[in-house]
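> This structure is in structure tokens; I'll ask about it shortly.
Derivation of every value follows stated rules applied to the coordinates shown; laboratory data play no part. What you see is a predicted model; the values in this text were computed from it and never measured. Cβ coordinates were reconstructed from backbone atoms using ideal geometry, including for glycine residues, and neighbour counts include every protein chain displayed.
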Amino acid sequence: MTNRFLGLGFVAVGAVILFLSLQLPQPMAATRIAYGPGFFPTILGAVVTIAGLLMAIINPADAFEEDEEHDAFAWRQYIRPAIVAAAALVYILFSTQLGFLILAPIILTMLLVMGRVVLWQAFLIGIAGPVIIYILFAKLLLVPLPLGLLAPIGAYL
Amino acid sequence: MIENITAGLALLFDPFVLLVMVASAAFGLFMGALPGLTATMAVALLVPVTFYMDPVPAVAAMVTASAMAMFSGDIPSVLLRMPGTPASAAYTNDAFSLTKKGQAHVAMGICLLTSAIGGLFGAIVLATLAPPLASVALRFSSYEYFWLCLLGLTTAAFMISTSRLKGAISLALGLFTATVGIDPVSGVPRFTFGSTAIIGGLSLVPVMIGLFAFAEIFRFYSRRNQPVKLEQNKIKGVFEGQAGILWKERRAIAQGNLLGTLLGILPGAGADIAAWISYSVAKRFSRNPEEFGRGSKEGLAAAGAANNAAVSGGFIPSLVFGIPGDAIAAIIIGVLFMKGVNPGPTIFLNNPSVVYAIVGTFFMANILMIPLGWVAIRLSRLMLSVRLNILMPIIFIFCLIGAFAMENSIAAVGVALAFGVIGFAMEANRFPLAPFVLGIVLGPLLEQNFLTSMMKSNGNLVAFFDRPIAASLAALTILIWVWPLVNLFRARRSAPQM
Amino acid sequence: MNKLLISTLVATGLISSTATQAQDWPTRPVQMVVVAGAGGGSDYTFRLLAAELEAALGQPVPVINQAQASGIVGYTTYTSAAPDGYTLGQLSPIAQFTLLGQANFRPENFTAIAQFNADPSAIHVSADSEYQDLGALIAGIKADPGSFNISCGGTCNASWDIPFVSMLLGEGVDVTKLNLIPAQGSAAALQELASGGLDIVLCSVPETTALADAGVVKTLAVMSDERVAINDSIPTVKESIGTSYVGGTWRGVGGPAGMDPAVVARIEEAVAAAVKKESFVKGMRDRGFGIAYRNHEDFTRFLTEHFTETERVLNAMSGK
């Protein structure tokens, strides 16, 4: 993506921020102040819009550093990060219902397999890891990790 | 006096207290070293554990854990380019660049020793100058804080090295991120679209986990030829040549100590802001500013000392006036109250031995840091021996928990994921992350202090310059902005004569 | 399809647990959602109470801190949980969230189980203030309501400032002109007071002990019927100006609407026993927290009154 397109993108982002900020209510009656909740975001929206516009016009050249990883970003390269993001999304949506001890081993094993870890190792780490983490955080440090389906036997976990 | 100190030391050198300190040191090192788990979280998680302890072991546990976590947050910065705590984020690029040059042990050594030095400096100030400095801190009202925030943002302008426009966008978006949620001044929910999930705002820890840890995991999986192991295969001689480096960077360390302690004392600032400001001030006055961001030992030393000094300094207003200097001190004060030890001027009269014991824990914790930190660095070799395709998924699980545990809310994990994608995209398009993070840290302080100042002064802008400290800070800020113009003007004037 | 399966599983789990709930409850840990951060006052009182409940109920009662958005997130968490008695939470002043349009809590969204604490609001000025007693201060505010910078000691329109404004209303002050300023907690407000940026701070008495001992802050009056134990040299409002105005914050155990009355009765009983236990009473007193018990019935009625009173004050302030 060129900086020109990015600049135009930020003009759009800035415009959205401006639009939303201007819709925020005026200062409340109980406070005698001329600046409401929209004051600060409005400035920020304007800054983003102007900076984006300048970027689209000037198209600044990047000072490229020798960095081997940035060559040729093909769309294939985004597949595996997308799977990782999807795994996080599944955890966000379903961990409360399914529980950490059910969902985490599945996700961990899957990511390990995706990273071409030998199958038996992946299963071993995938199951032992979350159990150890659960004992450490939920039992010792009392972080309320979701029990989900295991809630009925929660007294024993 | 003397008998109070002896009584305090007796409280401290109790076998149980020492055991608690070593255990919480290990815990703090562990929490800091894992990306996604922070120093503040380590202390918060200790609250229930210390509920039934005596005051001295309880505070010793928290002080030790926070100091250790503050240092060990640097370990994943060095090895994985993932800052373990927000305070480490300022110099992550420098630390990792050194690793790339095969100098991981140098980076680790600087982080460890400057952390200990900073912590000890803060402890000395705490032991000797606490009451007068706390009185000065009490002079800071919203006007002074406003200028301080603006000064912080000004220094950010000097941190942007690649593209100024991209830096400005990054900073503005960071400031914008901080406005999401209920506006504490007007009480109006902003940019939440009616959802209660983010009504509390996008808080720093999940955002940091996303921008750094998640983004790095995404980057790892996007590579066609994944590196099997970390590039560094051994970390030896952590202390080798450190004496020379520390001596060479003595100015940066001294400046980090001072700035860190002072910013720590001011209620509301704290270690995160201290590290950023110290880093950018070091860059501003450095002879080699171009090295910053590419493995500058100077920047590493300045910021590494500052964040630990701030942890010690943050305890000064807490102890003297019961007003916490930062989030960590706030939790520790709460625990002290619980134990019936009320911080405030009377603590020096009612519980002098406890005061000396607490001050003692700051010294102990920072001295213990050197051997225990060395062990942690040696152990971090384990991280190197584990293949990355195993390490990354495990870190991923820790990030899920870390984002959740800070607020006990699954929405925070969603925030982390969203910012992981944003961080990945920003990095791919060469947007600097540093201004973004600084924006999130300073944004709420800047806005709230501006608005409450305006409310107090009935919209009269003169009030911002009316008080001596505010006026000095204002002058300093304006001077920093105007100075380049003055220089330019002088260069023009003198040009014809040359 | 998976989602359907899950909801069926959850539903059947619920039905079976409701059937056996009354006699068996609790068979697993009972979560207590506290709408404040770890280490604060609310956290402390609830951890004390949780220890007592644990002993009485025979199951762990883990405290879960959800402080985001002044507690709105925490309230939402437990009111939207299943009313099976396994998710309880802190119930403190909430009407302002609804009235300011930040959330939509109504008394009927809650099961108000039992209240165990009340802490009066108090009126603090800096030690060198020209107003050294409440009568003079009220007269000063009456003369020029807009000239005072009054800190709410936290978010505005909440537990500390509502009783104060209610008092000013009763004394005939034009409250629409008041300059109420929000703060990031009472510590930040007191810092502002000490630095000379504010005239009045409203918060509880224990929070100011350190600065009062340092001779920086003076407390003019406390808004309760009797003087507070932690510092009995502070007069009540009634002693200062002759008329009684009381108010402040309060803490109780609540749950989602529609809880089984038998379960409610067991929790109520456990709280009633706790407030009489030596360990609990001592723990509360040591840190200056007042004990005030209200049973299920009284607490439910009180919650409705709290909404009416808050609405009255807020309407007066906005000139309605």
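> What spacing in nm lies between the two simple spin-label points modelled at B:Val386 and B:Glu290, each 7 Å away from Cα in the Cβ direction?
4.0 nm
> Mind pulling the angle between the C-alpha long axis of helix C:2-24 and the longest principal axis of chain C? Nearest 10 degrees, somewhere in 0 to 90.
Between the helix axis and the principal axis of chain C, the angle is about 80 degrees.
> What are the membrane-span-like helices in chain B by this rule: whole DSSP H runs, Cα extent along the axis at least 20 Å, mean Kyte-Doolittle hydropathy at least -0.5?
Values: long enough: B:15-33 (27 Å, 2.12); B:55-72 (25 Å, 1.47); B:104-137 (42 Å, 1.75); B:142-159 (26 Å, 1.07); B:250-265 (22 Å, 0.62); B:297-313 (23 Å, 0.25); B:352-385 (49 Å, 1.43); B:388-407 (29 Å, 2.16); B:410-428 (28 Å, 2.05); B:434-456 (33 Å, 1.01); B:468-494 (36 Å, 1.05).
Result, helices passing both filters: B:15-33, B:55-72, B:104-137, B:142-159, B:250-265, B:297-313, B:352-385, B:388-407, B:410-428, B:434-456, B:468-494.
> Next question. Decide, for segment B:433-479, between rounded, prolate and oblate: order the square roots of the alpha carbon gyration tensor eigenvalues as a ≥ b ≥ c, take rounded if a/c falls under 1.5, and otherwise choose prolate if a/b is larger than b/c, else oblate. Intermediate values should be presented prior to the final figure.
On the way: a/c = 3.45, a/b = 1.48, b/c = 2.32.
In terms of gyration-tensor shape, oblate.
> Using Cα pairs closer than 8 Å and at least 6 residues apart in sequence, work out the relative contact order for segment B:184-332, in percent.
Values: 160 pairs, mean separation 34.8, N = 149.
RCO, segment B:184-332: 23 percent.
> Set the bar at 30 Å for Cα to Cα. Now go through A:Lys139/B:Lys236; B:Lys101/B:Lys248; B:Lys166/B:Lys456; C:Lys177/C:Lys238 and name every pair that lies beyond it.
Details: A:Lys139/B:Lys236 36 Å; B:Lys101/B:Lys248 20 Å; B:Lys166/B:Lys456 36 Å; C:Lys177/C:Lys238 25 Å.
As for pairs spanning more than 30 Å Cα to Cα, those are A:Lys139/B:Lys236; B:Lys166/B:Lys456.
> How many nm is it between the label spots at C:Glu226 and A:Tyr156, if each spot is 7 Å from the Cα in line with the beta carbon?
5.1 nm
> Can you give the direction-averaged projected area of the convex hull of the alpha-carbon atoms in chain C, in nm²?
Working: hull surface 69.2 nm².
Averaging across all directions leaves 17.3 nm² for the Cα convex hull.
> Another question, then. HN-Hα J couplings of segment C:160-174 from phi, Karplus 6.51/-1.76/1.60, θ = phi - 60°, integer Hz, Gly and Pro as x?
7, 8, 4, x, 5, 5, 4, 5, 4, 4, x, 8, x, 8, 6
> Can you tell me how segment A:86-145 classifies by the Cα gyration tensor, rounded, prolate or oblate, using a/c under 1.5 as the rounded cut?
Values: a/c = 2.88, a/b = 1.36, b/c = 2.12.
Oblate.
> Please give the calculated 222 nm ellipticity per residue for chain C, where each DSSP H segment of at least 4 residues contributes -39500 (n - 2.57) and the sum is spread over every residue; nearest 500 deg cm²/dmol?
On the way: 12 runs with 138 residues, N = 320.
Mean residue ellipticity at 222 nm (helix-derived): -13000 deg cm²/dmol.
> Once amide H atoms are placed 1.01 Å from N in the peptide plane, what residues at a sequence separation of 5 or more from C:Ile181, or on another chain, have their amide H within under 5 Å of its amide H?
Amide H neighbours of C:Ile181: C:Ile150, C:Ser151, C:Cys152.
> Let me check I've understood the local charge: for B:Met70, count other residues with C-beta under 13 angstrom from its C-beta, Lys and Arg +1, Asp and Glu -1. What total comes out?
Numbers: positive: none; negative: B:Asp74, B:Asp272, B:Asp326.
Residues near B:Met70 contribute -3 overall.
> Which order, highest average first, do B:124-136, B:309-321, B:352-364 follow once you tally other Cβ atoms within 10 Å for each residue and take the mean per peptide?
Values: B:124-136: 16.8, B:309-321: 31.2, B:352-364: 22.2.
Ranked from most to least packed, the peptides come out as B:309-321, B:352-364, B:124-136.
> Between C:Arg106 and A:Phe19, how many nm apart are label points set 7 Å from Cα along the C-beta direction?
Result: 3.4 nm between the two label points.
> Next up: About its Cα centre, how strong a charge dipole does the protein assembly as shown have in debye, to the nearest 20, once Lys and Arg get +1 and Asp and Glu get -1 at the Cβ?
Numbers: 57 positive and 59 negative charges, 618 e Å.
Dipole magnitude for the protein assembly as shown comes out near 2960 debye.
> For B:Arg190, what residues show an amide H to amide H distance below 5 Å, using hydrogens built from the backbone and excluding near sequence neighbours?
HN-HN under 5 Å from B:Arg190: B:Gly181, B:Ile182, B:Asp183.
> Show me the chymotrypsin sites (Phe, Trp or Tyr not before Pro) within segment B:15-79 that DSSP assigns to loop and that have at most 12 other Cβ atoms within 10 Å of their Cβ. Could you put the intermediate results ahead of the total?
On the way: sites: B:Phe16, B:Phe27, B:Phe30, B:Phe51, B:Tyr52, B:Phe71; in loops: B:Phe51, B:Tyr52.
Here the chymotrypsin sites (Phe, Trp or Tyr not before Pro) that fit, given the DSSP loop and packing criteria, are B:Tyr52.
> If a cysteine in chain C has no other Cys Cβ under 4.7 Å from its own Cβ, put it on the list, ordered by number.
C:Cys203
> Next question. At 222 nm, what value in deg cm²/dmol follows for chain B if DSSP H runs of at least 4 each add -39500 (n - 2.57) and the sum is divided by all its residues, to the nearest 500?
Numbers: 23 runs with 354 residues, N = 498.
Helix-only estimate at 222 nm: -23500 deg cm²/dmol.
> Please state the shape class of the protein assembly as shown: rounded when a/c is under 1.5, otherwise prolate if a/b exceeds b/c and oblate if not, all from the C-alpha gyration tensor. List each step's numbers first, then the result.
On the way: a/c = 1.41, a/b = 1.18, b/c = 1.20.
Rounded is the answer for the protein assembly as shown, as its axis ratio a/c remains below 1.5.
> On C-alpha positions alone, give me the angle between the axis of helix C:185-194 and the longest principal axis of chain C, in degrees, nearest 10.
10 degrees
> With an 8 Å cut-off on Cα pairs and a minimum separation of 6 or more residues, tell me the relative contact order of chain B in percent. Present the calculation step by step, with values, prior to reporting the outcome.
Values: 896 pairs, mean separation 138.3, N = 498.
Value for chain B: 28 percent.
> Normalising by the residue count of segment A:75-156, find the relative contact order in percent from Cα pairs under 8 Å and 6+ residues apart. Please report the intermediate quantities before stating the final value.
Values: 56 pairs, mean separation 31.1, N = 82.
It rounds to 38 percent for segment A:75-156.
> Could you pull out every residue, at least 5 positions away or on a different chain, whose amide H is within less than 5 Å of the one on C:Val33? Hs are placed 1.01 Å off N in the peptide plane, and Pro or chain starts have none.
C:Ile64, C:Leu88, C:Gly89, C:Gln90
> Quick one: if the Förster radius is 30 Å, what FRET efficiency do A:Ala46 and B:Leu485 give, using the C-beta to C-beta distance and rounding to 0.05?
On the way: r = 23 Å, r/R0 = 0.77.
The pair A:Ala46/B:Leu485 has a calculated efficiency of 0.85.
> Additional query: By how many degrees, 0 to 90 and rounded to 10, does the Cα axis of helix C:296-317 deviate from the longest principal axis of chain C?
40 degrees
> Still on this structure: For chain B, just the Cα atoms, rotate onto the principal axes and tell me the three extents in Å, largest first.
Ordered largest first, chain B gives principal extents of 71, 61, 59 Å.
> Which one, B:Asn342, C:Val264, C:Thr77, is farthest towards the positive end of the dipole of the protein assembly as shown when Lys and Arg carry +1 and Asp and Glu -1 on their Cβ?
Value: C:Thr77.
> Averaged over C:202-214, how many beta carbons belonging to a partner chain fall within 10 Å of each residue's beta carbon? Kindly include the intermediate steps, with their values, before the conclusion.
On the way: counts 0, 0, 0, 0, 2, 2, 2, 6, 14, 6, 3, 9, 10.
Mean number of neighbouring Cβ atoms from other chains: 4.
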